[in-house]
Amino acid sequence: MPSRSRGSSSKAAAAGAALLLAVGAAAGDLSVARAAERTVVMDGVKFEPATITVERGDSVRWVNKDPFPHTATSRGAFDSKEIAAGKSWKWTARKPGVYDYVCTLHPTMKGTVTVR
Ligand SMILES: [Cu+2]
């Protein structure tokens with residue numbers, strides 16, 4: 001009796017592990033296929049590209065190539081705070097909409113992220 005119950009519980013554990021593996025692999029494939037990372041470069045006191053459209057779930061990474069800090073700030077939506085020279089900051093787009101943003105340090109620096 002003890003050996004029988006031991007046998008069946010290890011069988012169940014093996015089945016559970018196989019199921020977890022299968023679910024994990026499927027989720028991994030989905031995220032690789034669907035979530036993209038897009039880059040906006042901050043260079044010459046400009047966002048390049050200034051206008052970008054992404055899919056919900058994608059992320060946008062701002063990369064500061066200027067030798068001084070910038071921000072990517074969309075009131076009520078996202079705020080990178082100061083991104084130092086040579087650094088970057090990433091935001092994941094979770095909600096569809098049109099997000100106008102500025103650099104709070106250089107108000108002539110403007111951009112738009114559209115999330116579909
Ligand atoms: Cu700036």
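Derivation of every value follows stated rules applied to the coordinates shown; laboratory data play no part. Just so it is clear, the structure is predicted and the values come from calculations on it, not from any experiment. Cβ placement follows ideal geometry from the backbone for every residue including glycine, while neighbour counts extend to all protein chains displayed.
Look at Trp89, Trp62 and count the other Cβ atoms within 10 Å of each Cβ; fewest to most, that gives Trp89, Trp62. In this structure the amide hydrogen of Thr104, modeled in the peptide plane, comes within under 5 Å of the amide hydrogens of Thr71, Thr73, none closer than 5 places in sequence on its chain. Here Arg34, Arg56 are placed in order of increasing Cβ neighbour count within 10 Å, fewest first, which gives Arg34, Arg56. Per-residue Cβ neighbour counts within 10 Å put Phe68, Phe78 in the sequence Phe68, Phe78, beginning with the fewest. Amide hydrogen proximity for Val40: with H placed 1.01 Å from N in the peptide plane, the residues at 5 or more positions away or on another chain lying under 5 Å are Arg61, Trp62, Val63.
Counted residue by residue at 0.36 nm each, then reduced by the alpha carbon distance between them, the extension gain from Thr108 to Thr51 reaches 19.1 nm.
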